[in-house]
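Here is the structure we will look at.
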């Protein structure tokens, strides 16, 4: 697998996001929709997963008031809307992006000491991916759109 990098999305990335192929299911949000949403809300940072100049994946790091639903930690960031373009799935990019995530957070958000996320109780494949990537079940449950989700967390150690 080629090296990938994480980078915050910019307006110039819109053509990449418009061509992003994603399956339609209740777990996924289209990156273009997420980017548009982030322009209207402070504290949301759309992040691209790039292989060279190709967009292979996407996620959002969210700060502020929205995070308190997931954790009491004021230094936590919420990791959400993680997806891999259909053309790049099953090639290890989801796992690799999660491996790069702690270093990315340390570099660009040095005050963050924890990454939290939620995953639907019936989304077993994503649960396994996150657990294999070092996320632990916080034993907290939340309801999102009348569906129960587990809250998982990963500590980010400073250098």
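Largest mean-square fluctuation among 124, 22, 49, in a Gaussian network model of the chain whose springs join Cα atoms under 10 Å apart, belongs to 124.
Give, in nm to one decimal, the length gained when the segment between residue 14 and residue 87 is fully stretched (0.36 nm per residue of separation minus the Cα-Cα distance). Kindly include the intermediate steps, with their values, before the conclusion.
Values: separation 73, 0.36 × 73 = 26.28 nm, distance 1.82 nm.
Length gained between residue 14 and residue 87: 24.5 nm.
The modelled label-to-label distance for the pair residue 108/residue 147, using points 7 Å beyond Cα in the direction of Cβ, is 2.6 nm. Note on the stretch 49-159: Rg/Rh from C-alpha atoms, Kirkwood Rh, equals 0.95. Largest GNM mean-square fluctuation across 140, 96, 16, computed for the chain with C-alpha springs under 10 Å, falls on 140.
Quick note: the coordinates plus some simple rules give every number you see, no bench work behind them. Source: prediction; values computed, not measured. For neighbour counting, all protein chains shown are included, and Cβ atoms are generated from backbone atoms with ideal geometry for every residue, glycine included.
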